[in-house]
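Working notes for the structure below.
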Amino acid sequence: MSKILFTENVDPAGPELLEKAGFELIMADRDSRIIEENIKDAEAVLTRIYELPSDLLETGKNLKIVSKHGVGYDNIPVAWCKAHHIAVTVTPGANSQSVAEHTITLMLALAKNLMTVTRAYKEIGFAAKNSAPGMEILGKTLGIIGVGHIGTRVAKMALGLGMKVIAYDPYVTEVPTGAVLTNNKEEVIQKADVLTLHPVLNEETRNIIGKKELSLMKPTAFLINCGRGPLVDEPALIEALQQKKIAGAGLDVTWSEPCSPDSPLFQMENVILTPHYAPTTRESARNVSLAAAQNILDVLAGKKPEGLL
């Protein structure tokens with residue numbers, strides 16, 4: 001019986017699909033000892049954000065596919081896998097709606113000062129009503145860097161809320177009707193009242209928002225990152241927030257995950273920090289689990305999977 005290793009737990013829909021197909025499933029739940037032992041004879045690995053270095057994958061003598069639960073593959077050495085004839089797949093579009101909705105949620109929560117007002121209500125009572133006036137997003141400009149599945153959905157939602165949308169992505173030629181696509185990243189950063197990041201993390205996009213880019217943002221602007229932590233130079237962001245160079249940030253991702261409780265990001269009222277929670281909905285969990293499992297079935301059956309990199 002062929003063995004499939006799950007580095008982390010996922011929605012049961014995917015495992016059930018594979019179990020019905022006759023595979024032996026190993027649920028490691030991030031236990032490195034279980035992973036190191038069972039990868040040796042596994043034909044497939046299904047992973048979320050668990051780091052899979054090449055020296056670990058090299059021990060998988062029967063390995064045919066690494067199936068990513070999601071779309072960010074920075075925890076997988078893709079070039080090494082391709083060189084060793086191991087397929088790498090992702091689940092494009094499966095969690096896009098959930099991440100896009102979380103992006104909009106963070107934007108609205110920051111604009112309405114929800115965290116600040118909630119704390120103030122507890123401390124000073126009903127006087128909190130006038131403690132921190134919010135900002136209407138109608139007519140404001142949303143800047144988007146990265147207009148793939150998620151960025152496109154965010155753009156449509158923002159347009160539906162009456163925002164202006166300007167986007168930068170050197171790899172696309174079309175954006176939703178009503179949005180403006182530009183090849184000038186700095187223009188997007190300078191014009192944005194809210195700047196949101198949705199590119200794939202690679203060496204080109206690592207620290208795509210650094211000290212220089214933060215200095216270009218309006219002091220009234222918010223930064224949203226529901227992509228990957230290393231898209232942003234975190235120390236530079238902390239400095240910009242502490243010095244009020246930007247109005248606030250909504251972060252679902254950080255350099256280190258989990259983020260240290262001692263991080264200054266937890267100490268600032270103008271920051272909303274969630275634990276890589278954007279894709280965590282019942283619908284998304286099922287969709288991504290099924291898509292990741294189907295990619296495994298396709299590869300092991302000799303078919304081309306939908307999410308092949």
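The values are calculated or read from the model by the stated rules, or taken from the named source; none is laboratory data. Fair warning: this is a prediction, and the values are worked out from it, not measured in the lab. Reconstructed Cβ throughout: ideal geometry from the backbone, glycine too, with neighbour counts over all protein chains shown. Ligands, DNA and RNA are excluded from the accessible area calculation, which covers all protein heavy atoms including side chains. Shrake-Rupley method; radii C 1.70, N 1.55, O 1.52, S 1.80 Å.
Let's test the formula: R0 of 25 Å, r as the Cβ-Cβ distance of Lys20 and Asp55. What FRET efficiency results, to the nearest 0.05?
Values: r = 34 Å, r/R0 = 1.34.
Efficiency computed from Cβ-Cβ geometry: 0.15.
For semi-axes √(5λ) of the Cα gyration tensor in Å, several values are listed as [x] 43, 21, 19; [y] 38, 21, 18; [z] 73, 18, 17; flag the one computed from this structure.
Looking at semi-axes √(5λ) of the Cα gyration tensor in Å for this model, the match is [y].
Which one of Val99, Cys226, Gln190 is farthest out on the positive end of the charge dipole of the chain, using unit charges on Cβ (Lys, Arg +1; Asp, Glu -1) and the Cα centre as origin?
Gln190
So with the 1.4 Å probe, I'd like the accessible area per residue for the chain, rounded to whole Å².
Per residue, the chain has an accessible area of 49 Å².
Considering only Gly162, Gly70, Gly151, give the residue with the highest GNM mean-square fluctuation for the chain, with springs between Cα atoms whenever their separation is below 10 Å.
Gly162
In deg cm²/dmol, rounded to 500, what helix-only [θ] at 222 nm does the chain give when every DSSP H run of at least 4 residues adds -39500 (n - 2.57) and the total is split over its residues?
-10000 deg cm²/dmol, from helical runs alone.
Please enumerate, by chain and number, the lysines with C-alpha under 16 Å from the C-alpha of Lys20, excluding those fewer than 8 residues away in the same chain.
Output for Lys20: Lys3.
Just name one of Ile145, Ile49, Ala28: the one whose Cα is farthest towards the positive end of the charge dipole of the chain (beta-carbon charges, Lys/Arg +1, Asp/Glu -1).
So the residue furthest toward the plus end is Ile145.
Relative to the longest principal Cα axis of the chain, at what angle does helix 114-124 sit, 0 to 90 degrees, rounded to 10?
60
Output the 0 to 90 degree angle, nearest 10, between the alpha-carbon long axis of helix 96-111 and the longest principal axis computed from the alpha carbons of the chain.
Relative to the chain, helix 96-111 is tipped by roughly 20 degrees.
Place a +1 charge on the Cβ of each Lys and Arg in the range 104-224 and a -1 charge on the Cβ of each Asp and Glu, then give the dipole magnitude about the Cα centre in debye, rounded to the nearest 20.
That gives the range 104-224 a dipole magnitude of about 440 debye.
Please get the size of the charge dipole for the chain, origin at its Cα centre, with Cβ charges of +1 on Lys and Arg and -1 on Asp and Glu, quoted in debye to the nearest 20.
On the way: 31 positive and 36 negative charges, 181 e Å.
So the magnitude is around 860 debye.
Measure up Lys82/Lys304; Lys68/Lys211; Lys112/Lys140; Lys122/Lys191; Lys191/Lys211; Lys129/Lys156 against 25 Å on the Cα-Cα distance and list the ones that go over. Working shown, then result.
Values: Lys82/Lys304 15 Å; Lys68/Lys211 32 Å; Lys112/Lys140 14 Å; Lys122/Lys191 36 Å; Lys191/Lys211 17 Å; Lys129/Lys156 32 Å.
Over 25 Å apart, Cα to Cα: Lys68/Lys211; Lys122/Lys191; Lys129/Lys156.
Against the longest alpha carbon principal axis of the chain, how many degrees, from 0 to 90 and to the nearest 10, is the axis of helix 282-300 turned?
30
Could you pull out every one of the aspartates and glutamates with an alpha carbon less than 18 Å from that of Lys303, ignoring same-chain neighbours closer than 8 positions?
Output for Lys303: Glu43.
Only loop residues by DSSP count here, and only those with at most 16 other Cβ atoms within 10 Å; note down the trypsin sites (Lys or Arg not before Pro) in the range 186-221 that meet that. Before the final figure, lay out the partial values.
Working: sites: Lys191, Arg206, Lys211, Lys212; in loops: Arg206.
In loop regions of the range 186-221 (DSSP not H, G, I, E or B), the sparsely surrounded trypsin sites (Lys or Arg not before Pro) are Arg206.
Identify which of Asn130, Asn95, Asn207 has the largest mean-square fluctuation in a Gaussian network model of the chain, with springs joining Cα atoms closer than 10 Å.
Asn130
Considering only protein heavy atoms and a 1.4 Å probe, what is the carbon-and-sulfur percentage of the accessible area of the chain?
The value for the chain is 52 percent carbon and sulfur by accessible area.
Under the rule that an exposed site lies in a DSSP loop and has at most 16 other Cβ atoms within 10 Å, name the longest stretch of the chain with no GluC sites (Glu not before Pro) of that kind, not counting the sites themselves.
Here the longest segment lacking exposed loop sites spans 59-135.
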